[in-house]
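Quick note: the coordinates plus some simple rules give every number you see, no bench work behind them. Treat the numbers as computed from the prediction; the structure is a model and nothing was measured. Cβ: placed from backbone, ideal geometry, glycine included. Neighbour counts: every protein chain shown.
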Amino acid sequence: AQSVSQHNHHVILSEAASLELGCNYSYGGTVNLFWYVQYPGQHLQLLLKYFSGDPLVKGIKGFEAEFIKSKFSFNLRKPSVQWSDTAEYFCAGSGGSYIPTFGRGTSLIVHP
Amino acid sequence: SQTIHQWPATLVQPVGSPLSLECTVEGTSNPNLYWYRQAAGRGLQLLFYSVGIGQISSEVPQNLSASRPQDRQFILSSKKLLLSDSGFYLCAWNAESGANVLTFGAGSRLTVL
C-alpha cells in the first residue's frame with residue numbers, strides 16, 4: 001500500500017539550530033511529494049512540493065527538501081530555525097491516483 | 001481567486017445526535033474534494049474524496065458519510081455520532097487536472113459528549 005512515514009513526531013530546538021525532519025514514502029512509479037505546515041491557529045498550507053526535475057526543492061521561509069529516490073526519502077531542512085517556525089509539519093505523497101496520503105506529522109517547537 | 005469555506009468552525013454534540021459539516025469552494029469548477037480528520041499524533045486521515053457530483057469514495061469504513069450535491073459543495077454527515085467521532089475535520093480541494101496541491105479549509109472541531 002502507498003504510505004508516507006515521518007520519523008520524528010516531536011522536535012524541540014533552540015533558535016538558530018539546524019532542522020531536518022525525516023520523511024519516507026512507499027510508492028512505485030511516479031511520485032509527487034509535499035511538505036505542508038500548520039502554524040498555530042492557521043490553515044494547513046503548502047510549504048514546498050516536488051513533482052519532477054531538480055531533486056532539491058526550495059519552499060517558503062527558507063525551507064528546502066531533497067528528493068532521494070534511492071532512499072525513498074524527502075527530508076525537510078532548514079539551516080537556522082526561528083521561533084516563528086513553531087508549527088506542525090506534514091509530509092505527503094501521491095502516486096498515479098493523485099490522492100494525497102499524509103504522514104503522522106511532526107510537532108516542532110522552537111525556543112527563543 | 002479560489003477560496004474554501006468550512007462551517008461550523010466548532011461544534012459540540014451529544015452522543016447519538018446527527019452531524020452535518022459543510023464545505024464549499026469558490027472560484028473554480030470541477031474540483032476534487034476531500035474530507036480529512038486530523039487527530040493528535042495520527043496525522044491526517046483521509047475519510048472521503050469526490051471527483052464529481054454524486055461521486056463519493058470512502059477510504060475508511062466508519063460512522064460517517066459524505067455527499068456532493070453540487071459541484072463545489074461537499075458535506076460530511078452522520079446519523080448518530082459516537083464519542084470516537086470527536087476530532088478536527090478538514091475539507092480540502094485540488095484541481096481536477098492532477099496538479100494535486102491541496103488547499104485546505106480552516107477546519108471544524110467536533111466534540112462529542
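Among B:Glu26, A:Glu64, a tally of other beta-carbon atoms within 10 Å of each Cβ gives an order, fewest to most, of B:Glu26, A:Glu64.
Taking chain A as a Gaussian network of alpha-carbon nodes connected by springs under 10 Å, the highest mean-square fluctuation of the residues A:Leu76, A:Leu19, A:Leu44 belongs to A:Leu44. Only Lys, Arg, Asp and Glu carry charge here, each on its Cβ (+1 for the first two, -1 for the last two); on that basis the stretch B:1-85 has a dipole of about 200 debye about its Cα centre. About its Cα centre, the stretch A:1-105 has a charge dipole of approximately 180 debye under the convention of +1 per Lys or Arg Cβ and -1 per Asp or Glu Cβ, with nothing else charged. Between A:Lys49, A:Lys58, A:Lys71, the Gaussian network model of chain A with springs among Cα atoms under 10 angstrom shows the greatest mean-square fluctuation at A:Lys71. The Cα center of the stretch A:15-49 and the Cα center of the stretch B:1-29 differ in position by 25 Å. The simple spin-label model puts a point 7 Å past each Cα toward its Cβ; for B:Asn30 and A:Glu20 those points are separated by 4.3 nm.
Would you list A:Ile68, B:Ile56, A:Ile60, B:Ile4 from fewest to most Cβ contacts within 10 Å?
Arranged by neighbour count, lowest to highest, A:Ile68, B:Ile56, A:Ile60, B:Ile4 become A:Ile60, A:Ile68, B:Ile56, B:Ile4.
The residue among B:Asn63, B:Phe104, B:Ser50 whose Cα reaches farthest toward the positive pole of the charge dipole of the stretch B:46-113, with charges on the beta-carbon of Lys, Arg, Asp and Glu, is B:Asn63.
Averaged over peptide A:96-104, the number of partner chain Cβ atoms lying within 10 Å of each residue's Cβ comes to 6.
Checking every one of the trypsin sites (Lys or Arg not before Pro) in the stretch B:12-113 against DSSP loop status and a limit of 15 other Cβ atoms within 10 Å picks out B:Arg42, B:Lys79, B:Lys80. Going from the residue with the fewest nearby Cβ atoms within 10 Å to the one with the most, A:Thr101, B:Thr103 rank B:Thr103, A:Thr101.
Summarising the amide proton neighbourhood of A:Leu48: residues at separation of 5 or more, or on other chains, whose placed amide H is nearer than 5 Å comprise A:Trp35.
Remark on chain B: Rg and Dmax equal 13.4, 41 Å (Cα only). Once the Kirkwood radius over Cα pairs is known for chain A, the Stokes-Einstein relation at 10 °C and 1.306 mPa s delivers a diffusion coefficient of 114 µm²/s. Remark: the stretch A:37-80 carries a charge dipole of roughly 60 debye about the Cα centre, counting +1 on each Lys and Arg Cβ and -1 on each Asp and Glu Cβ.
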